């Protein structure tokens with residue numbers, strides 16, 4: 001190959017013109033064309049940069065130069081060389097084989113009849129077409145300057161685009177790739193292994209020592225991963241204290257050994273905080289040699305590991321307990337939405353008995369879900385409803401059905417409400433509109449709540465509870481003894497009834513400890529003058545003990561099962 005390089009710039013003394021010159025490739029089989037072009041542009045400069053000329057005397061030589069360089073700004077290209085269309089074929093090679101849309105290609109032909117201008121412009125991705133006879137020194141100068149301006153603008157836009165893209169796929173704290181970068185890298189059919197590492201108890205470090213210290217530990221942790229990882233592995237920070245390693249290890253490469261080495265490297269490192277040395281443990285989730293939904297699978301493995309204990313490794317498999325739980329949650333979410341849309345959320349009513357008179361004094365409204373003729377208790381779907389944000393819709397259905405059921409009698413009834421209900425802005429408005437529609441005295445209605453920290457510490461929840469009692473509704477504390485059981489906070493709730501949790505009632509006839517706890521609760525409730533209900537009264541022996549202890553009301557399957565209709 002015969003290729004010459006010539007650097008031309010303006011006067012001596014302006015050294016900036018010798019830095020990163022514009023690269024011009026002349027492709028022509030006529031050596032005189034090369035010489036004349038260099039002579040005509042010998043004093044050319046643009047943006048304080050001179051020109052570096054490369055010469056190729058055939059399309060094949062030009063291809064070789066493009067294989068070696070990616071900084072060519074302009075190609076001055078003849079058409080007729082080895083063949084009548086050699087130059088035009090080179091255009092295709094530059095644009096498609098080398099995938100270079102940026103370089104400015106200027107056709108210079110001495111035989112326009114072979115490749116007419118209009119045809120070439122229409123069929124080839126070129127930027128200008130000149131006949132050699134018309135391309136004087138001045139016109140060549142103008143053409144080069146205009147083309148360099150275009151090229152500079154294109155490169156600036158591409159650099160800016162690359163900067164934005166880099167920012168989008170890079171974690172600013174550690175310099176590692178982020179979740180977006182991992183998603184991009186996983187867009188491949190090649191099986192890979194993905195390792196997620198979650199720093200154990202990292203939130204405590206942030207809480208105790210502050211975020212600046214936490215950030216420094218994350219940076220150091222990222223550096224350790226870089227040093228410990230295989231050269232064919234990529235490292236990412238997905239969020240807060242969760243990192244990822246994507247590796248091309250095949251099953252025969254033993255991912256277990258690789259992970260063991262990483263854990264050993266991490267365990268040997270110490271982090272000094274305020275002159276105290278700390279060691280970090282990690283919980284790891286792995287999906288091995290797989291394609292498709294790898295992040296989701298690795299996150300499931302990580303969640304399963306964290307659920308069992310910290311500082312452990314869990315490999316993904318389709319039979320993980322968490323997978324079954326996710327499938328169940330997905331099923332019940334669909335069933336719940338269908339039931340809500342089709343009025344298959346049903347209210348069942350369980351009687352509450354006065355222990356002195358043995359008469360029914362009120363009913364508790366209990367939710368059921370009907371599907372294909374089968375009735376499901378809330379045990380199956382209530383947790384899913386909470387996660388899916390459907391509890392308030394269920395409460396609306398339940399309260400409406402209860403008001404309809406008790407509109408034409410004088411009995412009292414209770415409805416369970418949740419922390420999610422109490423933070424709904426229109427909760428009180430809905431309750432009042434529904435009650436008034438059915439003309440029910442608020443004094444007949446009891447709202448059962450759990451002693452949850454989310455209720456006791458939420459200003460809107462507290463405001464709504466206070467408003468309910470102000471209107472005349474009663475508040476009933478459900479499952480007392482197994483939740484927060486904070487005696488000091490009960491006074492703030494303005495309760496009418498406390499329901500003793502069934503865990504202490506169901507075996508009160510055989511378990512002395514349950515009886516002692518129940519007696520303690522009763523002592524407390526008498527002191528604060530609040531009535532009590534014993535839940536889970538399931539046989540005569542339990543009922544007799546409950547009555548003998550002085551519990552005010554009793555509820556359970558022995559006294560009456562939940563039914564869609566009231567006991568006549």
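Each value in this text was obtained by applying a stated rule to the coordinates, not by laboratory testing. Here the structure is a predicted model, which is why all the values come from computation and not from measurement. Cβ coordinates were reconstructed from backbone atoms using ideal geometry, including for glycine residues, and neighbour counts include every protein chain displayed.
General observations
- Length-normalised contact order for the stretch 220-279 - Cα pairs under 8 Å, 6+ apart - percent: 25 percent
- Degrees separating the helix 294-308 axis from the principal Cα axis of the chain, which is the longest one: 40 degrees
- With Cα atoms, 0 to 90° folded angle of helix 512-527 axis to the chain main axis: 80 degrees
- Treating each Cα of the stretch 328-554 as an identical point scatterer and summing with the Debye formula, the log10 of I(q)/I(0) at q = 0.08, 0.18 Å⁻¹ comes to -0.30, -1.46.
- Of the Cα atoms belonging to the stretch 476-556, the radius of gyration and Dmax stand at 11.7, 36 Å.
- Model label sites at residue 133 and residue 257, defined 7 Å from Cα along the beta-carbon direction, differ in position by 7.5 nm.
- Residues listed by number, the stretch 376-390, amide nitrogen under 19 Å from residue 331 label point at 7 Å toward C-beta: 376-388
- Taking a ≥ b ≥ c as the square roots of the Cα gyration tensor eigenvalues, the stretch 291-370 comes out oblate, since a/c reaches at least 1.5 and a/b does not exceed b/c.
- Sorted by Cβ density within 10 Å, fewest first, the residues 559, 157, 176: 157, 559, 176
- Computed E for residue 118/residue 323 - FRET, C-beta separation, R0 60 angstrom, nearest 0.05: 0.40
- Residue 83 paired with residue 232, simple spin-label distance in nm, labels 7 Å along Cα-to-beta-carbon: 4.1 nm
- Residues 203, 180, 229, 55, ranked from the fewest to the most other C-beta atoms within 10 Å, line up as 203, 180, 229, 55.
- Computed [θ] at 222 nm, helices only, for the chain once each DSSP H run of length n ≥ 4 contributes -39500 (n - 2.57): -13000 deg cm²/dmol
- Residues 523, 543, 315, arranged from fewest to most other Cβ atoms within 10 angstrom of their Cβ, appear as 523, 315, 543.
- Which labelled figure in [x] 289; [y] 274; [z] 192 is volume of the Cα convex hull per residue in Å³, once derived from the coordinates: [x]
- Once the C-beta distance of residue 165 and residue 510 is scaled by a Förster radius of 51 Å, the resulting FRET efficiency is 0.15 to the nearest 0.05.
- Full extension of the chain segment joining residue 146 with residue 239 gains 28.8 nm, where the gain is 0.36 nm per residue of separation less the Cα-Cα distance.
- Here the calculated FRET efficiency for residue 463 and residue 379, from their Cβ-Cβ distance with R0 = 22 Å, stands at 0.10, rounded to the nearest 0.05.
- Between 0 and 90°, nearest 10: helix 459-471 axis offset from the chain longest Cα axis: 30 degrees
- P(r) histogram, all alpha-carbon pairs of the stretch 216-327 included - 10 Å bins from 0, percent: 12, 44, 33, 10, 1
- Cα→Cβ-extended label distance, 7 Å offset, between residue 429 and residue 211, nm: 3.5 nm
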